[in-house]
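Have a look at the structure below before the remarks.
Bear in mind these aren't lab numbers, they're just calculated from the coordinates by the rules spelled out. The shown structure was predicted, so the numbers you read here are calculated from the model rather than taken from an experiment. Here the Cβ positions follow ideal geometry from the backbone for every residue, glycine too, while neighbour counts run over all protein chains shown.
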Amino acid sequence: MLRYVLRRLPSAAVVLLLSTVPVFGILRLAPGDPAASLAGADAGPDAIAALRHQMGLDRPLVNQYLSWLGDALHGDFATSFTTRAPVSELVLRGLGNTGTLALGALLLAVVLALPLGTLAALARGGAARTLLAGLNVLMLCVPPYVTGVLLVLLFSVGLRLLPPGGYVSVFDDPVAGLQFLLLPSLCLALPAAAVLARFLTAALQRVFHEEHYTAARLRGLSGRRLLLRHGLPNAVGPLVTVLGIQIGNLLGGAVIVESVFAWPGIGQAMVTAASARDYPVMQALLLLAVTVFITLQLLSDVIHALIDPRVREAS
């Protein structure tokens, strides 16, 4: 197993290193000048040029990139253009809140996907299968901001059961924290649950046609025992890799969901930094997102290899 992990690490490191080029470069291609934005509308060319020099934006792009990359490798992400606070502090402050939101969404996605995917695999056709397929498409296709507004209208305005937005730490007040967490987590979880349910359905249908499953059924195992002992355990392996990808998608979806529900995480910080053209904050957040995505993908592959030895042998 250790050899499998060591074989995967170099490729992950290369992908992460290569990703720093678009993370740095794409922001520079966007219109607008951070110095002009920060200086204000009444600032003259000399004041803007002096501010660009102070911010290091007048140096060649290659020098800026190499300097940023070298500092990032040492854990130094400079200071924010707008707040002048260390970027690492801003990122860490929002990372915990986004992590809480993503974890809640992941748990809800799994809880929703298991029964939906299993029922769709067991459905032989007719109205039940059509209804489940339509529900899956609806969960997958409705944009998160639309889902968020609908959830607020239903549970906050109509039923008055949950707060429409805001944040309370679950560590300070568990009950209130969970109430504030539920709606944004559900909004973020629905598309992920749809994807997981679809992959689980396909994996179960493949298992149903395998010889070991047929042999177990011929031995007289009941439907529930057959599903729990021979169906779901053999369908979970491929699902782990998909789950790792969905965690990365959850972090991406958090940008919209946090804005809808006023959740103070890295998604909301990214929107604020993008509107202010705050390069250091944006670079740190994008690099963090790429790092988390690559790490989760690597971990999901390792877990899949632990569950299914054939994956290790094939690699």
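Compared with the alpha-carbon gap, the fully stretched path from residue 50 to residue 63 is longer by 2.8 nm at 0.36 nm per residue. The string of couplings for the stretch 196-211 from the Karplus curve (6.51, -1.76, 1.60, θ = phi - 60°) is 4, 5, 5, 5, 5, 4, 5, 5, 5, 5, 5, 5, 4, 9, 7, 5 Hz, one whole number per residue in order, with x for Gly and Pro.
Across the chain, Cα pairs under 8 Å and at least six residues apart give a relative contact order of 27 percent. Under a 5 Å amide H cut-off, with hydrogens placed 1.01 Å from N, residue 79 pairs with 87 among residues at least 5 apart or on other chains.
Here the simple spin-label model places points 7 Å from the Cα toward Cβ, and for residue 135 and residue 153 these points are separated by 2.2 nm.
Whole-Hz Karplus values for the stretch 252-261 come out as x, x, 4, 4, 6, 5, 5, 5, 5, 9 Hz, taken residue by residue from phi with 6.51 cos²θ - 1.76 cosθ + 1.60 and θ = phi - 60°; glycine and proline positions read x. The dipole here belongs to the chain: it is taken about the Cα centre, uses +1 on the Cβ of Lys and Arg and -1 on the Cβ of Asp and Glu, and is about 1540 debye.
Ordering 284, 66, 190 by the projection of their Cα atoms onto the charge dipole of the chain, which places +1 on the Cβ of Lys and Arg and -1 on the Cβ of Asp and Glu, puts 190 at the extreme positive end. Among 80, 275, 19, the largest mean-square fluctuation in a Gaussian network model of the chain, built with springs joining Cα atoms closer than 10 Å, belongs to 275.
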